[in-house]
Each structure stands twice: as C-alpha cells, then as structure tokens.
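The structure appears below as structure tokens.
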Amino acid sequence: MPRRSADGYDLVAIALHWLIAVLIFGLLVLGFVMTRQSIDPALQFALFQWHKSFGMLALLLAAVRLVRSLTVARVRPVEGLGALERRSAHGMHYLLLALAVAVPVAGWMIASVSPLEIPTFAFNLVVIPHLPVPKSEAAEAWWTTVHAVLAYSTLALVFLHSAAALYHHYVRHDDVLTRMLGSRYRTVKTSIEEPGP
Ligand code: HEM
Ligand code: HEM
C-alpha cells in the first residue's frame, strides 16, 4: 500500500525538495563561476572538485526523491484548481524530477568521457568511479553542451515553478506554497491519491 501523510507532504518530501533546490541553485552559480576563462587554474581545479562532489550528492538525493515520488502516494492538488492547472503542475513536477537526475548524470558523463581522466574526489573522501563509456574529446564537448543546456533550462523552469508558487500564495491565497513549507504554515487540509510527484 502507498504510504504518505493524508495531511500534505511528509517531512522527508519537504526536506528533499528544499535541500535539492538549494543544491541546484548553488551548483548553477558554482558551475557558471568555475567555467569563466579568467579564473586561476589551481582555484578552478578545486572548484571543479567541489562542483562534482555536491553534484553527486544532488544526484543521490534526486534519485531517492524520484523513487519516492513514483512509489509513495502523492498529495492531492489543492481545492479550486482547474484541469489545465492540475495537468500543467503535474507536467512541471515530472519535468523537474527528471531534470534533477538528468543534469548531474550529464555532468558525470563529462567527467567519464574526458580523455584527461581526472578523478572525482567526492568531498576528499571517496573516488567516484567513471561510468564505463568510451573517451574522446568530441564526446566531452557534446556532454559539456548537454549538461549546460539542461542546467540552464532547469533554471528557467524553476523560475516559472517558483513564480507559480508565489502567484498561488499572494494572489490565490491557497495552500500550494504553505504545504511545501510544513504543516505549521497550513490553513487547509489535503488528502492522498495515487502515486506520482
Ligand atoms: C544538479 C546538479 C548540477 C548542476 C545544476 C550543474 C550545473 C552546471 C553549470 C551551470 C555548469 C556551467 C556550464 C557553462 O556555463 O558552461 C556546469 C559545468 C560543469 N559541471 Fe555541472 N552541474 C551539476 C552536477 C554536476 C556533476 C554531478 C558533475 C560531475 C560529476 C558535473 C560536472 C561538471 C563539469 C566537469 C563542468 C565543466 C564543463 C566545462 O568544461 O565547461 N556537474 N555544471
Ligand atoms: C525557490 C525555489 C522553489 C520554490 C518556491 C518551490 C515551490 C514549490 C511548491 C510550493 C511546491 C508544491 C506544489 C503543490 O503542492 O502543488 C513544489 C513542489 C515541487 N517542486 Fe518546487 N520549488 C522550488 C524549487 C524547486 C526545484 C529547484 C525543483 C527541482 C528541480 C523543484 C521541484 C519540485 C517538485 C518535483 C515538486 C512536486 C513535489 C515533490 O515531488 O517534491 N522545486 N515546489
């Protein structure tokens, strides 16, 4: 049987949502800064290692969240949403779940296909193995583009997603934002339905 509080998102879902959001924002900024050409090479190497470390952490959390979203019962949409609003919210959530996994996987592919074979020392603790894929400069350039396009597309979608949340809070005055902040902020109760994000 699917498990989830009948009273909105459970604490694990809320913690995962905000932790992944913070990681993604931080990684976008770090990724942008570390790829500037003017940067000192030693600093750049260190920033790449931090980027890869936090990126792999983001991947781990996103994978847990994706599995939970597909197996644990999901929260019913708030009262008063039209069919189009419900569908677009679902579509956006699935897209964000997929991108939160796809962006770091594309990053992992860059490190794995690079002929330079620079190891990933996650938090200076463990070496993350490269994926078993053929190495070439062409593949490295391709995955670098894929990673950047997916990362900046995620930023654009998160902007829309956040704008929708703020619209619901300040214009519609419903529980869309508050139920992602925790039960103490809630004003209206929701209940569970079938699995999904
Ligand atoms: C949610 C997770 C991640 C986000 C949001 C993210 C974001 C970014 C961004 C915005 C850039 C700069 C793109 C550009 O302006 O050219 C970048 C570059 C890069 N990322 Fe990530 N990244 C993530 C995870 C990872 C992971 C897990 C790895 C590897 C294990 C990785 C490896 C790289 C590398 C090697 C580059 C530099 C590519 C180049 O040479 O230009 N990233 N990332
Ligand atoms: C400041 C940034 C963000 C805000 C204000 C925000 C706000 C929200 C809110 C209010 C909900 C609940 C919607 C509902 O119950 O109908 C939600 C759900 C969701 N958000 Fe965000 N969000 C942000 C960033 C992100 C990021 C970076 C991602 C992932 C890339 C993300 C992915 C999701 C997903 C997949 C859901 C569906 C519920 C779940 O599976 O956890 N959000 N968000």
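The values are calculated or read from the model by the stated rules, or taken from the named source; none is laboratory data. Since we're looking at a predicted model, the values are computed, not measured. In this analysis, Cβ positions are derived from the backbone assuming ideal geometry, glycine residues included, and neighbour counts consider all displayed protein chains. For accessibility, only protein heavy atoms count, side chains too; no ligands or nucleic acids. Shrake-Rupley method; radii C 1.70, N 1.55, O 1.52, S 1.80 Å.
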### Query
Only one of these conditions is not met by VAL22: (1) β-branched (Val, Ile, Thr); (2) in a helix (DSSP H, G or I); (3) in contact (Cβ under 8 Å) with a residue 40 or more places away in the chain. Which number is it?
(3)
### Query
Out of all the residues in the stretch 49-106, which are within 9 Å of ligand 2 (Cβ to nearest atom) and acidic (Asp, Glu)?
none
### Query
Has the stretch 120-139 got at least one residue that is open to solvent by less than 30 Å² (accessible area, probe 1.4 Å), away from ligand 2 (no atom under 12 Å from the Cβ) and in a loop (DSSP other than H, G, I, E, B)?
no
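Here's the yes/no breakdown for (1) open to solvent by less than 50 Å² (accessible area, probe 1.4 Å); (2) over 26 Å from ALA151 (Cβ atoms); (3) touching a strand residue (DSSP E or B) at 6+ places or on another chain (Cβ under 9 Å):
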| position | (1), (2), (3) |
| --- | --- |
| ILE39 | yes, no, no |
| GLN49 | yes, no, yes |
| ALA63 | yes, no, no |
| GLY80 | no, yes, no |
## Note on the structure
Conditions (1) away from ligand 1 (no atom under 14 Å from the Cβ); (2) in a helix (DSSP H, G or I); (3) among the aliphatic types (A, V, I, L, M) -> LEU81 fails only (2)
### Message
Any residue in the stretch 112-128 that is in contact (Cβ under 8 Å) with a residue 60 or more places away in the chain sitting within a Cβ distance under 6 Å of a residue that is open to solvent by less than 30 Å² (accessible area, probe 1.4 Å) and not in a strand (DSSP E or B)? List the pairs, counting only those 6 or more apart or interchain.
### Response
THR120/ALA111; PHE121/GLN49; ALA122/SER53; PHE123/SER53
### Task
Inspect all residues belonging to the stretch 98-116 and state whether any of them is open to solvent by less than 70 Å² (accessible area, probe 1.4 Å), assigned to a helix (DSSP H, G or I) and aromatic (Phe, Trp, Tyr).
yes
### Task
Go through the stretch 124-151 and count every residue that is of a type outside the set (A, V, I, L, M) and either modelled with pLDDT under 95 or within 13 Å of ALA106 (Cα to Cα) (or both).
8
